[in-house]
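The values are calculated or read from the model by the stated rules, or taken from the named source; none is laboratory data. Predicted model, so just to flag it, every value in this text is computed and none were measured. Glycine gets a Cβ as well: all are built from the backbone with ideal geometry, and neighbour counts include every protein chain shown.
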Amino acid sequence: MVKSHKEYQLDRTVYTIVWFTRKVREKQYQRSLMTTRQVTETEQGESTILYPHQLFFLNPFYLNDKTPQGLEDWMTLVVESINNPTHPNINLNRQIMQKAAKLIDDDGLTPQERMAIIDERDYNNMRRKEWEDGLQIGRIAEKQKIARSLLAKGLDHAFIAETTGLSIDELESLT
């Protein structure tokens, strides 16, 4: 990356990769690889490449016999790591694919955590559980607030415990 305007060079190639994450309806985009190159036109109608930036659109749902093998391996790795994380069907004949698969395996997530992240329904369940946990924390905080108020008035611990639903030990930890 350029850290100063003095280092900027027009002939430096910038590659941008965009992944499609689903199938597309439009027939013209149903390809595994599409590339865009920047072509500049002069006022005299001449075409030139002012800076060689390239934009790659990748869609692993449209692999075909024209998809470059190296790219197909990477696209398959991405799809398999999402759809079949415990038993991915990938090309392990290439050392770089072995290394990438190992990095995915070593990400510190258990298979259950990985599936929870991947599966949107589990994500929604996690969000609902977080919300319910938050409600429970709020209820406990409200009970503790009431208990502190009643304790400050010198009421009997047994009465406060019965009223708030907190245990005697919980009440004593509030004092």
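Output the residues belonging to the range 8-48 that are touching a Lys or Arg at 6+ places or on another chain (Cβ under 9 Å) and in contact (Cβ under 8 Å) with a residue 40 or more places away in the chain. Give the steps one after another, and end with the answer.
Start the filter on the range 8-48 by keeping residues that are touching a Lys or Arg at 6+ places or on another chain (Cβ under 9 Å), which leaves 30-33.
Correct list: Ser32 only.
Is it fair to say Tyr51 is touching a residue at least 40 places away in the same chain (Cβ under 8 Å) and hydroxyl-bearing (Ser, Thr, Tyr)? For Tyr51, the condition - touching a residue at least 40 places away in the same chain (Cβ under 8 Å) and hydroxyl-bearing (Ser, Thr, Tyr) - is met. The C-beta contact set for the range 139-164 (first residue closer than 11 Å to Thr175 by Cβ and surrounded by 14 or more Cβ atoms within 10 Å (Cβ to Cβ), second residue acidic (Asp, Glu) and at pLDDT below 90, distance under 9 angstrom, 6+ apart or interchain) comprises Ala147/Glu170; His157/Glu172. Looking only at residues of the range 22-51 that are in contact with a helix residue (DSSP H, G or I) (Cβ under 9 Å, 6 or more places away or on another chain) and either in a loop (DSSP other than H, G, I, E, B) or in the same structural domain as Trp74 (by TED's automatic domain parsing) (or both), we find that the one that is nearest to Gly70 (Cα to Cα) is Ser32.
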